[in-house]
Amino acid sequence: MDAIRWERVQRLFHAVADLPHDEQSEFLAAECLDDPSLAADALALVVADARGNPVIDDGVARAAGRVFARADAQPLPTERFGQYRITRVLGEGGMGVVYLGQRDDLGSLAAVKILRDAWLSPARRERFASEQRTLAQLNHPLIAQLYDANTLPDGTPWFVMEYVEGIPLTDYCAAHSTSLPGRLRLFRDVCVAVQHAHRQLVIHRDLKPSNILVRSDGTVKLLDFGIAKQLESVDGVADQTRTGMRLMTPAYAAPEQVRGGRVGTYTDVYALGVILYELMTGRLPFAVPNESSDGADALRPAREPPRPSVVARETKVLPNAAIPGSTPSKSEWADLDVLCLTAMHQDPQRRYSTVDALIRDVDHYLSGEPLEARPDSARYRLGKFVRRNREAVVAASVGAILIVAVVAFYTARLAGARNDALSEAARVERIQRFTLGLFEGQDKDAGPADTMRVVALVDRGVDNARSLDAEPAVQADLYLTLGGIYQKLGRLDRADSLTRLALERRRALFGPSRPEVAEALVALGSVRIDQAKLDEAEGLIRQGLSVARQTLPSTDPGVVKATAALGRVLQERGDYAQAIPLLDDVVRLNEAGHVPPTEIGASLSALADAHYYAGHYPASDSLNTRALSIYRAAYGDRHPLVAHVLMNLSASQFDRGNYPQAEQLARQALVINTAFYGAAHFTTAQNLTMLARALVFENRFDEATGLLHQALAIRERVYGPVNPNVASTVNELGNIAYQRDHYDEAERDFRRMLDIYRAIYGEKHYLIGVATSNLASTYLGRKDYPRAEQAFRDAVRVLSATQGPEHLNTAIARIKLGRTLLRERKFAAARDETLAGYQILVKQANPSISFITAAKKDLVAEYDTLGLAAEARKYR
């Protein structure tokens, strides 16, 4: 069985394994009409898997032992894996056998990992394939790198990765008598590596000292992602085989992992806490057998472990106290206890929310600063400050005595006026938050669907507001709030008129240069963004931001909100170089201020959007993952803000060619959005378009077409016929027509898309390049090569100028241009364009993406025609 056929069998196995027994044969027969033997192969795997496997039932340690016992008895099926020749067995790695490999041409060494025995379960094979995909995403100096991967003729997967000569972290510290600061710095490096994995949506799930090697130069390397998991796939319970085996090292496994609950980044945080505990004390917090997870949860106490400070005094694992700085003081031990026990708290909600937060507290400790996890008492912070700034504190105290006497007099006079103002502001804020909260989901029992009942309720609110002419300030507040609600409901005409009324009322009351006017200007600019009137939007928002900066402190929420709005309009215009720094400032100001976590989540999501459109996919995914964690902690799993981030992550997966993952994420979001907003809401339409886009690239055209027509009707009703949201859905309909060779229909859709984008953005926007490239594809399909060449060149020029020469969209346009030149028999020029696009794409996208496959095929033809057979072989 070749590798391609094995992949098809695997996919069928996973699709049918969980179906009722009487439906499995029928499903396989329907899926394999063209190849009944394929159905028979998949059914054989299902039958074998249903019988269970005594090897797996015996546990990982015994299974591995049998693998190694057979290693000497049975020869390897091949001595070469890619460029590497096997020299000797290194040992067990994750779920396979690890060998030392060497390249004869360079003499370099690598670790070659294979699932050696074909008799092991299909699920185990899939875990190996998952590890290959995981390692391919991780490119970091502190993580062992993946060099090559493939399968043997029988489908057995193997991969070649960086060979690391080093010793486990705890052994290294013991052998070198590493000081506590040195141990913390090594631990911090481990955290940095784990955080990089989290930013790629990967959780390790088996962190332990033996998977963290320290080389002779003192650098760490994180190894063994054998049971790592994509973050978007951990919503269910932890992985379990049909025999009930759970894959982990119980001594380092978090309580939720041992119990088979849902795991996440917080699971790795727990394991890091255990590793830190062991580094400081020389022993584990709990005595749990490592051979098997059976009974591990029962053996582990349902309480926090002894404080590291207590255990360290018994074990004396840290270097001699005579070495300056090697032994913590009493107050420093108190901080270390908090740092370590917060990381490994039994309740995931009470651990550090991210590895970033853990790193920050390690840095705080090393710098003598207060910990974020420490109870924020004045005495604690004062003590830290005095110890760091003893001389300055003494000098300042003398001046402070004089200042206090003067300040006290004026403080008493100002307190009354200040309290009155704060009370009034709090009242207004409570009313507005409550009203808006019904439509944002902060009240989980409220349903914001666009029903007549809801719209009628808001309409009555407008009628009531009109009766408040005697109270113009209150009337203006209500107009602004009700305008925001209409905007959320997709009633942009009503949002526009009410927000303009609020702006007029406030200008008449307060004059042009007041914070209230700035707020209304920014709100109206936000409506203009949704109306795709970007020139007006930018003008209004810049005016509002200018007023806010003149009348408010730089850290005031009004200034921050206006800055965020300006970042959003610049992003919509495609000016990512200016949008990203602005939105980055918003995140920084929110994190430094006393704002609710959900506001931090919103600013992270907005910054993630800008990075996504700029083609910075790892940065976008990292920010979205942080926002997702915040929203889930605040609202649970069924909130529309959770769905919004899931759609963002879906878009990122789609662009990199991971279409099944993109579909899965989009479907999760659709369930949430449909339940919350209803089937006819514009947010649901956006979700339908994204789901359909993934289905198009999975060749499920009929299903995608139905979803797109549903989305288009909603979007045209809400936005009108000329809007980028409408163009987005029309584009996907054009893609389906193109895939079906209906070139006239595809050209009609792509022309409409291009006309909409030109009406809104002019000629200098990346969407103009995307539309031009798609339109050129129809010319290529009709074999109108000169016209296609010119259109593709226009697309490459626009995309290079707006998104950059290394963006995925630019790469795809160059590959298409190369194919056109190949058809025109301009072989050298074709080779140059195809190769340039391929080299960009292969660094960022899934290797199985159709554009990479097409580029390799074209490169073979181009090099063959140019008489460069050796070059052609590289891509054949």
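The values are calculated or read from the model by the stated rules, or taken from the named source; none is laboratory data. Bear in mind that the values here come from a model prediction, so they are computed numbers and not experimental data. So basically every Cβ, Gly included, is an ideal-geometry build from the backbone, and we count neighbours across all protein chains shown. Protein only, heavy atoms only, side chains kept; ligands, DNA and RNA dropped before computing areas. Shrake-Rupley method; radii C 1.70, N 1.55, O 1.52, S 1.80 Å.
In percent, rounded to a whole number, the relative contact order of the range 713-787 is 28, using alpha-carbon pairs under 8 Å and six or more apart.
Which whole-number percentage describes the relative contact order of the range 486-637, with Cα contacts under 8 Å and a sequence gap of 6 or more? Intermediate values should be presented prior to the final figure.
On the way: 187 pairs, mean separation 21.9, N = 152.
Relative contact order of the range 486-637: 14 percent.
Heavy-atom accessible area for Glu538, with the other protein chains in place and a 1.4 Å probe, reaches approximately 30 Å². Using 20 Å as the cut-off for backbone N distance, which residues of the range 653-697 belong to the label zone defined by a point 7 Å from the Cα of Ala759 along Cα→Cβ? Counting only backbone N, you get 682, 686. Averaged over residues, the count of other Cβ atoms within 10 Å places the peptides 194-202, 743-751, 682-690 in the sequence 682-690, 194-202, 743-751, highest first. Heavy-atom accessible area with a 1.4 Å probe sorts Arg80, Arg491, largest first, into Arg80, Arg491. A full extension of the chain between Asn150 and Ala713 corresponds to an added length of 198.1 nm, given 0.36 nm per residue minus the alpha carbon distance. Packing around the peptides 754-761, 615-622, 640-647, taken as the average count of other Cβ atoms within 10 Å per residue, puts them in this order, highest first: 640-647, 615-622, 754-761.
Determine, from the Cβ-Cβ distance of Arg215 and Ser177 and an R0 of 22 Å, the FRET efficiency 1/(1 + (r/R0)^6), rounded to the nearest 0.05. Write down the numbers at each step before the final one.
Working: r = 18 Å, r/R0 = 0.81.
Given R0 = 22 Å and the Cβ-Cβ separation, E is 0.80.
Look at the dipole of the range 475-613 built from charges on Cβ: of Ser497, Ser603, Ala564, the Cα furthest out on the positive end belongs to Ser497.
Quickly rank 268-278, 704-714 as a protection proxy: mean count of other C-beta atoms within 10 Å, highest first.
Numbers: 268-278: 25.0, 704-714: 19.8.
The densest-packed peptide leads the list: 268-278, 704-714.
So, R0 is 56 Å and r is the distance between the beta-carbons of Gln550 and Arg797; what FRET efficiency does that work out to, to 0.05? With R0 = 56 Å, the Cβ-Cβ based efficiency is 0.85. Determine the alpha carbon to alpha carbon distance for each of Lys488/Lys764; Lys113/Lys856; Lys816/Lys857 and list only those over 22 Å. Distance filter (> 22 Å) returns Lys488/Lys764; Lys113/Lys856. Take Ser546: with every protein chain present and a 1.4 Å probe, its accessible area is about 50 Å².
Computed with every protein chain present, the accessible area of Lys816 is close to 40 Å² [probe 1.4 Å]. Would you please state which residues of the range 532-564 a label at Val595 would reach in this model, taking the label point 7 Å out along Cα→Cβ and a backbone N cut-off of under 14 Å? Residues 554-564 fall inside that zone. For the pair Arg500 and Ala869, the difference between a 0.36 nm per residue extended length and the Cα-Cα distance amounts to 126.0 nm.
Report the full-extension gain for the segment Leu284 to Arg667: residue separation times 0.36 nm, less the Cα-Cα distance, to one decimal in nm. Write down the numbers at each step before the final one.
Working: separation 383, 0.36 × 383 = 137.88 nm, distance 4.20 nm.
Answer, rounded to one decimal: 133.7 nm.
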